[in-house]
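Here is the structure we will look at.
Where a number appears in this text, it was derived from the coordinates with a stated rule and is not lab data. Keep in mind that this is a model prediction, so the values were computed, not measured. Here the Cβ is made from the backbone with ideal geometry for all residues, glycine too, and neighbour counts use every protein chain on show.
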Amino acid sequence: MLVSPTLVIMIGLLIIPLLLTMIISFGRRDPDGGVIYTFTLANYARLMGYSTNCDTGAATCFDPLYIQILWKSVTLAFQTTFFVIMLAYPLSYFIARSRPERRNMFLMMVLVPLWTNFVIRVYAWMMILRTQGVINGFVGWLAGLLGLPFTPIEMLYTPGAVLVGMVYEFLPFMILPIYTSLEKIDNSLYEAAADLGAHPIHTFLRVTLPLSMPGVVAGTILVFIPVMGTFIVSDLLGGQKVILVGNLIQRQFLDARDPTFGSAASLVLMVMTLIVTYFYTKKFGFGEEIVIG
Amino acid sequence: MKSKIWTIVSMLLLGAMVLSACGSAAPEASTDGEAFTTSTGFVCPEPKNKMEVTSKELNLFVWTEYIPVEWKECYEHVYGVTINHDEYSSNEEMYAKLSSGSSAYDLVQPTDYIVALMIRNNLLQKLDKSKLSIMGDLDPKYMNLPFDPGNEYTLPYEGGLDAIVYNSEKVSAPTSYADLWKPEYAGKIVLLDDSRVVIGMTLLTLGYDVNTTDEAQLEEAKAKLAELIPNVKLFDSNSPKTALIAGDVDLGVVWTGEAYTADQENAAFEFAYPSEGTIIWQDNYAIPVNAPHTDAVYAWINYTMQGDMFFLMLRDFPYLNPVTTAMEFAKANHPDIYEPFANSNITNPPAEAVTAAHQITDVGDATTLYDKIWTEVKGE
């Protein structure tokens, strides 16, 4: 009987909504944006590139639009995860190796910004990246001092700005697991490595890095999956010109009033994420060592 | 050690949730004739038609920032009704909530094109005109429009135009939507993030109807619109004025109210009514079909739409104002609000711009086609 609360939650909050999404995705849109319940694969075909309005005048043709959007989202998720690891690892290393009484303070510094609403923090980035924003203002001032010519750099509303925003948003989710696994490493291991004559670089490559991998793995899962479905950053920092699969889905439920296509796109996104995560965890595990260890 | 990371993660998630608890005592209905002053210093006028209200609550579902704060305080004071206030930032959001069966709301503010859709899907109730004492104060120009003939379901709230605003110190003056394609505006334009408005304006430059469902015309518009994208720096329907004022862009197609605010910040902003005719819209008051507090909502409509209350809209949301008594009241009593409003060609457009304007209507199945064009043009 102990399992039943879990079962109720699983069925009520996971299985039933998923089934509903699936049923709707096989339906058809009515002219007012309602759902006609039927069985058609048209929404999936459309996602995969089957099109009936072609530039060439042919009856049907291949239209890569939605595949391109999916591909762009996956690429951005990989890029974000890569840069997040690159930034989070040194930071976590620094925190884990600092004096114990300072560690909590540093961790707080990572966590406290998260207490502010995320959208407000993105607006702060908008002010930083604007044509007449903080960075351009500062560089312009510097150039003025040195007597150099300066034209403001266009940063906001570009794909680069979206990447910056994504990396910023998910950085703490990588720092915390890496920190946890680094902090666990017994100091005597470093001493042993040094005693046996290992160069600090070798100690890092052969002791620290392998032992902290579970943190990187757990962090990657925490970062990659939400990045795939996010849409607020690309809306605000990309000037609505960068369409990711998250934006696509959101638009189907609102502006396009096509819940059937939106449901199909949600399921495809979910399956894709599952596949990537499956192969990833098959190779690296879930990073459970840091949970169980 | 076991659950350290998950403890941290869950703490972090908890921390991200901001809990706001607002405890407010039920307001007392006024009994004496003594005037009530709001927290902003506005003296509440007497309701011209004080109605019998037994409900204790009124649930508004309105656009973000679209109700003067004084209205709520005055109404709560006069009628002893607690106002619950929910907001939306797009018609689609409101429509999605109502059509999924939410029946808690007493008042919504749908825009023209979505009204017809809501009526067709039985989401609105017919207005009982015998309870509306302000009908005679409404300007017939804004009444009896195609989306609701005879105003059976809606009353006009405010309207506006989507015309071109530009910084006259930085760029030359555009005179038509077609001018936006000029290479000199490359990377300098902000457009509303609204597929119907942007595709509609492209259709106008090609000489087609803004509400066309003809696939060939729409394909042509798509190709034309793709050429405009390099000129567009961003799409924004939340606050397009911000990018204009901050200098990120120098011209844009935005709502009149946004353009007016930009102009107040920086007088270099000018407004141009495109030669193709602008796109015009109108927001309305409407009552959802299952509204639980109809007595309170009729009292709200009558009270807020009387001239000495509705003139506050000129101050806060300077769009086209359909309440004639509000205009007269502002002219006679608040020239500081009325004069800038009446003298600006942004808020008070020339009559020919209004008559030449095009209204967007729902296009049914073609909505998916518009959305696909939009996704395609922006996604490339």
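Quick one: grab the alpha carbon gyration tensor of the stretch B:146-189, order the square roots of its eigenvalues as a ≥ b ≥ c, and give me rounded if a/c is under 1.5, else prolate or oblate depending on whether a/b is larger than b/c. In terms of gyration-tensor shape, prolate. Angle of helix A:159-184 to the longest C-alpha principal axis of chain A, folded into 0 to 90 degrees and rounded to 10: 50°. Charged side chains reduced to their Cβ positions (Lys and Arg at +1, Asp and Glu at -1) give chain B a dipole of some 760 debye around its Cα centre. Simple point charges give the picture: +1 on the Cβ of Lys and Arg, -1 on the Cβ of Asp and Glu, and for the protein assembly as shown a dipole about the Cα centre of about 2900 debye.
For the stretch A:65-292, the residue among A:274, A:85, A:243 whose Cα projects farthest onto the positive side of the dipole built from Cβ charges is A:243.
Dipole orientation for the protein assembly as shown: of the candidates A:148, B:100, B:322, A:148 has the Cα lying most toward the positive pole (charges on Cβ; Lys, Arg +1; Asp, Glu -1).
Once the Cα atoms are used to define both axes, helix A:100-111 deviates from the longest principal axis of chain A by about 20 degrees. Summing charges over neighbours of residue B:86, with a neighbour being any other residue whose Cβ is under 15 Å away from its Cβ, gives -3 when K and R count +1 and D and E count -1. Please state the shape class of the stretch A:48-164: rounded when a/c is under 1.5, otherwise prolate if a/b exceeds b/c and oblate if not, all from the C-alpha gyration tensor. It is oblate, given that a/c is not under 1.5 and a/b is not larger than b/c. Dividing the summed -39500 (n - 2.57) terms of all DSSP H runs of n ≥ 4 by the residue count of chain B sets its mean residue ellipticity at 222 nm at -10500 deg cm²/dmol. Based on Cα contacts under 8 Å between residues 6+ apart, chain A shows a relative contact order of 25 percent. The calculated FRET efficiency for the pair residue A:153 and residue A:40, based on their C-beta separation and a Förster distance of 60 Å, comes to about 0.75.
In plain terms, the residue of B:89, A:212 with the fewest other Cβ atoms within 10 Å comes first and the most crowded comes last, giving B:89, A:212.
The fraction of Cα-Cα pairs per 10 angstrom bin, counted from 0 for the stretch A:65-292, comes to 7, 25, 29, 23, 13, 4, 0 percent, rounded to whole percents. Calculation over all alpha carbon pairs of the stretch A:20-80 in 10 angstrom steps from 0 returns a P(r) of 20, 33, 35, 11 percent.
Here the protein assembly as shown carries DSSP beta bridges of which approximately 60% are antiparallel, counting only pairs with both residues inside. Relative to the current alpha-carbon distance between residue A:11 and residue A:118, full extension at 0.36 nm per residue lengthens the span by 35.5 nm. When all alpha carbon pairs of the stretch B:32-72 are counted in 5 Å bins from zero, the resulting P(r) reads 5, 15, 20, 23, 27, 8, 2 %. Relative to the longest principal axis of the Cα atoms of chain A, the long axis of helix A:259-284 makes an angle of roughly 30 degrees.
Just the number, please: percent antiparallel of the DSSP beta bridges in chain B, rounded to the nearest 5. Close to 60 percent.
Once C-alpha pairs closer than 8 Å and six or more residues apart are averaged by separation and normalised to the residue number of the stretch A:4-63, the relative contact order reads 18 percent. When every alpha-carbon pair in the protein assembly as shown is counted, what percent end up more than 49 Å apart? For the protein assembly as shown, the share of Cα pairs beyond 49 Å comes to 23 percent. Our Cα-only numbers for the stretch B:41-141 put the radius of gyration and Dmax at 15.1, 43 Å. In terms of surrounding Cβ atoms within a 10 Å radius of their Cβ, A:102, A:97, A:46, A:257 rank from fewest to most as A:102, A:97, A:46, A:257. Per-residue mean of foreign Cβ neighbours for A:232-240 is 4 (Cβ atoms of other chains, 10 Å radius).
A helix-only calculation puts chain A at -21500 deg cm²/dmol for mean residue ellipticity at 222 nm, using -39500 (n - 2.57) for each DSSP H run of at least four residues, averaged over all residues. For the stretch B:227-380, what class follows from the C-alpha gyration tensor (a ≥ b ≥ c being the square roots of its eigenvalues): rounded when a/c is under 1.5, otherwise prolate if a/b is larger than b/c, else oblate? Since a/c reaches 1.5 but b/c is at least a/b, the shape of the stretch B:227-380 is classed as oblate. Look at the alpha carbon pairs under 8 Å that are at least 6 residues apart: their mean separation over the length of chain B gives a relative contact order of 24 percent.
Its Cα gyration tensor gives chain B an equivalent ellipsoid. The semi-axes, each the square root of 5 times an eigenvalue, are 36, 27, 23 Å from largest down.
When +1 charges are put on Lys and Arg Cβ atoms and -1 charges on Asp and Glu Cβ atoms, the dipole computed for the stretch A:65-292 relative to its Cα centre reaches about 240 debye.
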